[in-house]
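Working notes, beginning with the structure itself.
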Amino acid sequence: MSFMDRIDDLRNIRFIHCALPDLNLSEIKTTRELNVNGRKISVAPIAIEVSTEEEAVKLDGTHTLFYVKKADKFGVVEYRKMYYVADKIEHMHVADGLNLAKLIRMGGTVGIVKMHDLVRVKEIEEQLRIAMFLTNSGDLAALRKAAVVIR
Amino acid sequence: MSLPALIPGTASRKVEHVKVVLGTDVQFRKKTTMFEDVRLIPKGGTHSGDFAYTIDTNTDFLGRKIAAPIFVSGMTGGHDKVAKINMDIAGGVSEVGIPMGVGSQRAMMEHPELAYTYDVKKEHKDVILLGNIGASHAMVYSVKQIKEMLDKVDADFLCIHTNPGQEAAQVGGDIKYKGALKAISDVAENIDRKVIVKEVGNGISKEVAAMLAKTKVAGIDTGGAGGTNWIAVELYRAGGTRSMDIYRDWGLPTAGSLLEVKSAFDGFVTATGGIRTGVDIAKAIALGADACGLAYPVLKAQSRGGAKGVADYLRHIIMELKVEMARLNCKDINELRGVGYTTHGQLKHLLEQRVGRSLLQREPA
């Protein structure tokens, strides 16, 4: 069964609240490591959708993950050049950080946001951090095991 | 008593909280307590027409005898404008014979002159009083300081509230919870009163209950979703921040939380969060709660009718409970605890995934 088949609708997934997380919000690690150009880089699990490499190069942004739609690949821009991620990326478009958290819980790697949501990336990352805090998940590996109910 | 003209931070927040809860719709919208998914099965037998009036609702609250399995959950304190609320509630519970809590006593830790806003026993000595401190503050204050805080108001028990959801939504919220469980455990181990850990509207799960079961905590209050939504309160206060808006319906409903806690914790358990009728109380007791906490409806009753309003409301809900017990043919709370039940809909679905089939239903005793 493919990743997309496992997720019917993210609205059917409900996290179970943890009333006593053993965490401080600011210490939660929301990044993941990906293999790019022969080395590991640490990025937030959010990719901005662009049509072409050139669009991504124009935006640049250190350690910003891009989803190049034409190539159907994920990559980062370094020194005005696109480098593609070597890892397999299970992905979906997400509307907010809670959806992103659900996606990661169900085995996804990265959530994609459209270009017009570029300004919301920080907000989405903060929403992800809140979901992790309220499920006692100190990092993305812990979030993968967070308690959920699936309708 | 005169106060400094401005008490920023903790104290003024208390006044705002009361205003928002009474003046704005901050109840859960999409999420209910899930008590509507519980059906109680009446016991066999017939009774005379005046049966409801002979029903005994007396029960035990951590070693203290109370008139009914209800208490008023801690809500407020820490500002002159809310002092009357606590005193009126004390007047009402004193008449009826049930316990009450006060809101977080952090304000009097920061400003000792505010102790009077929690000190209901100076006028109502017979009240069974639950003191209150936050889990994040239990990490800051020593057991000695917390004991002195309780002694100043002659509190009988200590509630430690945990509210990470509310803190996350609150502007300037205290979002450090690392070590909170250990701090709670240390307090429960060393303080001279029984400790109840409570949530404030997002529920206690079986995982958290299991952690608390390993400590000397005497009781857990579910503080489940379905009633007043404290994330919504803080969103309103913040002018509606988009970031936290998606968490507005976050939390474990009270009925679900109650059964999760019962599956992992053998101590005293109370159900709070959206309890609105005598039928809700009967269901919670049948599911295993030792008592139910009421907050918002009591606050409304106090705002409309003072101490008399509180007493009238409490008598009304106790009568509702008696009518439901009469329907179930239960003459006392012990019989109510043995009533059979079935679960349905979303609650059944939740239980199947979370605690297994053993708690889905029960045959009558």
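The values are calculated or read from the model by the stated rules, or taken from the named source; none is laboratory data. Quantities reported herein were computed from a predicted structural model and do not represent experimental measurements. Cβ: placed from backbone, ideal geometry, glycine included. Neighbour counts: every protein chain shown. All accessible areas refer to the heavy atoms of the entire protein, side chains included, with ligands and DNA or RNA removed. Shrake-Rupley method; radii C 1.70, N 1.55, O 1.52, S 1.80 Å.
Summarise the long-distance tail of P(r) for chain B by giving the % of C-alpha pairs beyond 41 Å. Across chain B, Cα pairs with separations above 41 Å total 8 percent.
Quick one: grab the alpha carbon gyration tensor of the range A:28-150, order the square roots of its eigenvalues as a ≥ b ≥ c, and give me rounded if a/c is under 1.5, else prolate or oblate depending on whether a/b is larger than b/c. Prolate, since a/c reaches 1.5 and a/b exceeds b/c. Of the residues B:Val269, B:Val96, B:Val72, which exhibits the maximal mean-square fluctuation in a Gaussian network model of chain B defined by a 10 Å Cα contact cut-off? Judging by the Gaussian network model, the answer is B:Val96. Helix B:278-287 and the longest principal axis of the Cα set of chain B meet at an angle near 80°. Of the solvent-accessible surface of the protein assembly as shown, computed with a 1.4 Å probe and all protein chains present, 50% belongs to carbon and sulfur. Principal-axis analysis of the Cα atoms of chain B puts helix B:10-23 at an angle of about 40° to the longest axis.
Expressed to the nearest 5 percent, the antiparallel share of DSSP beta bridges inside chain B is 25 percent. Over the C-alpha trace of the protein assembly as shown, radius of gyration and Dmax come out as 25.1, 88 angstrom. Note on exposure: B:Asp151, B:Asp156, A:Asp72, B:Asp266 ranked by accessible area (1.4 Å probe, complete protein assembly) read B:Asp266, A:Asp72, B:Asp151, B:Asp156, with the most exposed listed first. Taking the Cα centre of the range A:41-151 as reference, the dipole from Cβ charges on Lys and Arg (+1) and Asp and Glu (-1) amounts to some 320 debye. Remark: relative contact order (chain B) = 23 percent; criterion is Cα-Cα distance under 8 angstrom and separation of 6 or more residues.
Please compute the net charge surrounding B:Val200, taking Lys and Arg as +1 and Asp and Glu as -1 over other residues with Cβ under 13 Å from its Cβ. Computed value for this residue: -3.
With a 1.4 angstrom probe, the accessible area lost at the B-A interface totals about 2600 Å².
Mind scanning B:Lys125/B:Lys214; B:Lys176/B:Lys300; B:Lys65/B:Lys348; B:Lys31/B:Lys348; A:Lys81/A:Lys114 and naming the pairs with a C-alpha gap bigger than 25 Å? Violating the 25 Å limit, Cα to Cα: B:Lys125/B:Lys214; B:Lys176/B:Lys300; B:Lys65/B:Lys348.
For the range B:199-303, applying the loop criterion from DSSP together with a ceiling of 11 other beta carbons within 10 Å to the trypsin sites (Lys or Arg not before Pro) yields B:Lys214. When nucleic acids and ligands are ignored and a 1.4 Å probe is applied, A:Arg151 ends up with an accessible area of around 120 Å². Of all beta bridges that DSSP places with both ends in the range A:28-150, some 55 percent have antiparallel geometry. Taking 15 Å as the cut-off, the amide N atoms of the range A:122-151 that come nearer than this to a point 7 Å along the Cα-to-beta-carbon line of A:Asp9 belong to A:150-151. From the alpha carbon centroid of the range B:329-355 to that of the range B:255-298 is 11 Å.
Centre-to-centre, using Cα atoms only, the range B:213-245 and the range A:107-121 are separated by 28 Å.
Relative to the dominant Cα principal axis of chain A, helix A:121-134 is inclined by about 30°. A simple rule links phi to the HN-Hα coupling: the Karplus curve 6.51 cos²θ - 1.76 cosθ + 1.60 with θ = phi - 60°, which for the range A:11-23 gives 5, 7, 9, 10, 6, 8, 5, 9, 6, 9, x, 8, 9 Hz, with x for Gly and Pro.
Roll a 1.4 Å probe over the protein chains and send me the accessible area per residue for the protein assembly as shown in Å².
Value for the protein assembly as shown: 41 Å² per residue.
Net charge near B:Arg337, counting Lys/Arg +1 and Asp/Glu -1 over other residues with Cβ under 11 Å of its Cβ? That works out to -2. Overall form of the range B:192-327: oblate. Here a/c, set by the Cα gyration tensor axes a ≥ b ≥ c, is 1.5 or more, and a/b is not larger than b/c. Build a GNM of chain B with springs between Cα atoms under 10 Å apart, and of B:Thr215, B:Thr117, B:Thr32 the one that fluctuates most is B:Thr215.
Starting from the Cα gyration tensor of the range B:297-365, take the square roots of the eigenvalues, sort them a ≥ b ≥ c, and report rounded, prolate or oblate (rounded when a/c is under 1.5, otherwise prolate if a/b is larger than b/c, else oblate). Oblate shape, in that a/c is at least 1.5 and b/c is the bigger or equal ratio. Output the residues of the range A:106-151 meeting this criterion: accessible area (heavy atoms, 1.4 Å probe) in the chain alone minus accessible area with all protein chains in place is 20 Å² or greater. The answer is A:Arg120, A:Glu123, A:Gln127, A:Ile130, A:Phe133, A:Leu134, A:Ala147, A:Val149, A:Ile150, A:Arg151 - residues whose exposure falls by at least 20 Å² when every protein chain is included. In this label model, A:Arg80 and B:Lys122 are separated by 7.5 nm, measuring between points 7 Å along each Cα→Cβ vector.
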